[in-house]
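Worksheet: one structure, shown below.
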């Protein structure tokens, strides 16, 4: 897969993360202005070996400064060594070459891992230090302009890092919410099933217990009445059994459209881009239930047994095709065991089910049921 295809097929959450990270990289590129300053110093100023050393330090700072925010986005531990090294480099560049923007960038790196009041205190401290340095070495006339420059760079760096981190956390919360909604839908269905069984069996078993107790009380005095009562208990038990079977069958008759929406949300939350194209209007209830079961099993296998980045689900004329790009190898090597029993159910309903690698490098799960 080419880099362009990988970018195009990436999940939405991954694309959002890329945009946030690269926007932050732009905010943290203020030190690039330092190379222009070194170019000016090259033609008149400190010794050239010292300028080369300063440019190398600035390059090291630029390379190291792209890592901390990526670590913060992934929820990793604070890179103390990187922050210390970049902090020392920033101090050297400021003291020797007056590159104040380097300090602002370092404060942006620090802001991703410390409390806001700590970052604010460090920012104010850096501006006071810059003002004192300008007053001591360059005179009072340079203090206002230097403080204004330091303030603008610091606010842009620190504020930009905070804003992008907040945006990323909102994105994560949104995708976590989709996955939670899918789990809640399953839990609500289980609760509905439990409530229906409780209402049905509670009343039925109470009636059986009362009639049995009544038959036991009349057994010695009126055997025929007791026998008639037990026949009633038998009929009640059979009727209750039929009602339980009806409830179970209705529970198994899952809604295909709801399953497709739930599977798509769960896959997207797992960074798997999911495209669904389904024409389910002409399917019978039995076929809809069967295909819903296949979709659930296929989604489980995508999450557990592959490293897919893209999954496509199509349903047309009773034929389900579910493909992903995360599995390769000989046919049968990766065929999930959970599909074996499902294939028997599909065949019993007059359909077919096959799961194997396709010629274009995808793994294809195909189920055909009577439309």
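No value in this document is a laboratory result; all are computed from the given coordinates. Only a predicted model underlies this, so the values are computations on that prediction, with no experimental measurement involved. Cβ sites come from the backbone with ideal geometry, for glycine too, and all protein chains shown count toward neighbours.
From the C-alpha gyration tensor of the range 3-173, pull out the three semi-axes of the equivalent ellipsoid (sqrt of 5λ each), sorted largest to smallest, in whole Å.
Gyration-tensor ellipsoid for the range 3-173: 31, 19, 13 Å.
As an exercise, use a Förster radius of 22 Å and the Cβ-Cβ distance of residue 91 and residue 39 to find the FRET efficiency, rounded to the nearest 0.05.
0.45
Based on the Cβ-Cβ distance of residue 181 and residue 244, what FRET efficiency does E = 1/(1 + (r/R0)^6) give at R0 = 35 Å, to the nearest 0.05?
Computed FRET efficiency for residue 181 and residue 244: 0.70.
Only Cα pairs within less than 10 Å get springs; with that Gaussian network setup on the chain, which residue of 17, 77, 296 has the largest fluctuation?
So, out of 17, 77, 296, the one fluctuating most is 77.
Using packing as a proxy for protection, rank 232-243, 89-100 so that the peptide with the highest average count of other Cβ atoms within 10 Å comes first.
89-100, 232-243
Just to confirm the number: angle between the C-alpha axis of helix 12-27 and the first principal axis of the chain, 0 to 90 degrees, nearest 10?
Tilt of helix 12-27: around 10 degrees.
How many percent of DSSP beta bridges within the chain run antiparallel, rounded to 5?
Antiparallel bridges make up about 75 percent of those DSSP assigns within the chain.
Nearest 10 degrees is fine. How inclined is helix 256-269 to the longest principal axis of the chain, computing both from alpha carbons?
Approximately 30 degrees, to the nearest 10.
Compute the distance from the alpha-carbon center of the range 340-366 to that of the range 204-223, in whole Å.
Centre-to-centre (Cα) distance: 53 Å.
So, in nm, how far is label residue 213 from label residue 18 when the simple model puts each one 7 Å beyond its Cα toward the Cβ?
7.1 nm
Using R₀ = 25 Å, calculate the FRET efficiency as 1/(1 + (r/R₀)^6) where r is the Cβ-Cβ separation of residue 359 and residue 278; round to 0.05.
0.55
Could you identify which residue out of 277, 48, 70 has the top mean-square fluctuation in a GNM of the chain using Cα springs shorter than 10 Å?
48
Take each of the peptides 31-40, 109-118, average the number of other beta-carbon atoms within 10 Å over its residues, and list them starting from the highest.
Packing order, densest peptide first, comes out as 109-118, 31-40.
Could you list the square roots of 5 times each eigenvalue of the Cα gyration tensor of the range 256-368, that is, the equivalent ellipsoid semi-axes, sorted largest first and rounded to whole Å?
Semi-axes from the Cα gyration tensor: 20, 17, 12 Å.
So what's the angle, to the nearest 10 degrees on a 0 to 90 scale, between helix 143-218 and the longest Cα principal axis of the chain?
That helix lies at roughly 10 degrees to the long axis.
For all pairs of alpha-carbon atoms in the chain, what percent lies in each bin of width 10 Å, listed from the first bin to the last filled one?
4, 16, 18, 14, 13, 12, 10, 6, 4, 2, 1, 0, 0
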